[in-house]
Each structure stands twice: as C-alpha cells, then as structure tokens.
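Heads up, the thing below is written out as structure tokens.
The values are calculated or read from the model by the stated rules, or taken from the named source; none is laboratory data. Here the structure is a predicted model, which is why all the values come from computation and not from measurement. Cβ: placed from backbone, ideal geometry, glycine included. Neighbour counts: every protein chain shown. When the accessible area is computed, the model is the full protein with side chains, heavy atoms only, and any ligands, DNA or RNA have been set aside. Shrake-Rupley method; radii C 1.70, N 1.55, O 1.52, S 1.80 Å.
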Amino acid sequence: MTIQEKFGVRVKELRLQKELSQEKLANIAEIDRTYMTSLENGHRNVSLQNIEKIVTALGIDLTEFFNAPSFKAKKKSK
C-alpha cells in the first residue's frame, strides 16, 4: 500500500468515526470535496498544508493521526 493510500484510508476511517460526510469534512477543512474524494481513494499526493487542514478539521493532532498501525515502519528481516 502506498503512503497516499495509507493516508486516504486513515482520513476515511477517522471521518466515519466522527460521522462526517466527505462534503462536510471538506467544508470544515476548506478544501474541495472532489479533492477529498481523490485523497481518500489514494489518488492524491497531499501537501503538508492540506494535511494540517484535514487533521485539524478531524479534531485531532498530527501525532494521533500518524500513530495508526498502518504508518508504523516495518522491521526488515535479516
């Protein structure tokens, strides 16, 4: 899974937990709804500014957002 896909899955997971539509989250984050759709589908390389907007709109901090197991580095086996 690419980093874009991991990011999109995490956004969608948190959005659904907060019972927000894509449109509502996009409005809160002040980004376009179609951008949000592409992002959740892993089709966008999101900027740092938009990461901050989305995470803030979700009501969490960056540490909590990126603390998901999907973002943990996997140890390489010898």
For this session: Using the structure shown, decide if residue 52 is open to solvent by 100 Å² or more (accessible area, probe 1.4 Å) and more than 11 Å from the chain's Cα centre (by Cα).
Result: no
Exercise. Given the residues 60, 54, 31, which is the only one that is among the β-branched types (Val, Ile, Thr) and assigned to a helix (DSSP H, G or I)?
Worked result: 54
Exercise. Which is in contact (Cβ under 8 Å) with a residue 24 or more places away in the chain, open to solvent by less than 80 Å² (accessible area, probe 1.4 Å), assigned to a loop (DSSP other than H, G, I, E, B) and not charged (D, E, K, R), of 8, 42?
Worked result: 42
Exercise. Looking at the range 27-37, which of the residues that are over 13 Å from residue 59 (Cα atoms) and not polar (S, T, N, Q) is nearest to the chain's Cα centre (by Cα)?
Worked result: 36
Exercise. With respect to residue 15, is the statement that it is modelled with pLDDT of 95 or more and charged (D, E, K, R) true?
Worked result: yes
